[in-house]
Amino acid sequence: MPTAVASPAATETTAGTTVWKELLESNRDFAAGVGKELVSKLTPTAREELANFGQHPEAIVVTCSDSRCPPEVVFQRTIGRLFVVRCAGNVVADFGTVGSVEYAVAVLKAPLVIVLGHSLCGAVTAGINSLDGALPGDESMGLKKLVEFIATTCKEVKDEKQGLAKEDLVKETIASNVKKSASILRESQTIAKHLADG
């Protein structure tokens with residue numbers, strides 16, 4: 001089950017607080033196997049309205065690319081409700097990710113930014129394995145840089161909490177990685193201004 005780690009700094013406003021509570025409730029339903037019929041809300045009329053009148057997402061979710069934890073399913077939200085930015089390991093390390101969040105905050109006026117990690121993250125596990133010299137795949141430039149970026153967080157956690165079993169190291173690093181991504185987002189003047197304007 002995905003682990004939501006949304007630090008208060010993950011850009012919470014009054015409207016965002018309400019949305020966050022609703023998302024947590026939906027996530028509890030999801031975890032309990034109580035589903036809502038998302039597809040029933042996707043009528044042709046609803047889709048046409050979204051296409052013609054634009055999107056007004058209630059939250060921005062920065063999360064991992066892992067196919068096992070799509071935010072729309074985890075939070076039981078249909079199209080147009082979440083602005084989702086995905087990258088392996090929910091890494092925030094480039095202008096594409098930060099710029100996407102800035103757009104959703106400044107232009108779409110989404111009231112909440114969530115950085116969402118999940119259990120058994122392959123990108124974090126790859127970062128941990130890389131500390132011992134193991135890199136996944138063919139060591140292509142993009143993949144190598146991604147793993148190296150995550151590995152810095154892995155090393156920090158490993159050094160701070162020495163003696164952790166690998167499974168616990170993965171869990172601790174996932175949480176730290178979420179906090180690191182949220183911290184990077186907070187450095188954006190656009191996102192900071194949005195928070196200040198609340």
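When the helix-only estimate is applied to the chain (DSSP H runs of n ≥ 4, each -39,500 (n - 2.57), divided by the residue count), what is the mean residue ellipticity at 222 nm, nearest 500 deg cm²/dmol? The partial results should precede the final answer.
On the way: 8 runs with 103 residues, N = 198.
After summing the helix terms and dividing by the residues of the chain, the value is -16500 deg cm²/dmol.
Taking all protein chains together and a 1.4 Å probe, the residues R47, R28 rank R28, R47 from largest to smallest accessible area. The order of the peptides 54-62, 104-112 by mean Cβ neighbours within 10 Å, most packed first, is 54-62, 104-112. Between the beta carbons of T17 and K193, assuming R0 = 22 Å, the FRET efficiency works out to 0.70 to the nearest 0.05.
What is the dipole size for the chain, taken about its Cα centre, with +1 at each Lys and Arg Cβ and -1 at each Asp and Glu Cβ, in debye to the nearest 20? All intermediate terms of the calculation are to be shown ahead of the outcome.
Values: 21 positive and 24 negative charges, 36 e Å.
Using Cβ point charges on Lys, Arg, Asp and Glu, the chain gives about 180 debye.
So how do 153-159, 88-94 stack up, highest first, on mean other-Cβ count within 10 Å?
On the way: 153-159: 18.3, 88-94: 22.1.
Order by mean packing, descending: 88-94, 153-159.
Entry note, the chain: relative contact order of 30 percent, from Cα contacts under 8 Å with a spacing of 6+ residues.
Beta bridges assigned by DSSP with both partners in the chain are antiparallel in approximately 25 percent of cases.
The values are calculated or read from the model by the stated rules, or taken from the named source; none is laboratory data. Predicted, not measured: the structure shown is a model, and the values here were computed from it. All Cβ positions, glycine included, derive from the backbone under ideal geometry; neighbour counts span all protein chains shown. We work out accessible area using only protein heavy atoms, side chains counted, and drop any ligands, DNA or RNA first. Shrake-Rupley method; radii C 1.70, N 1.55, O 1.52, S 1.80 Å.
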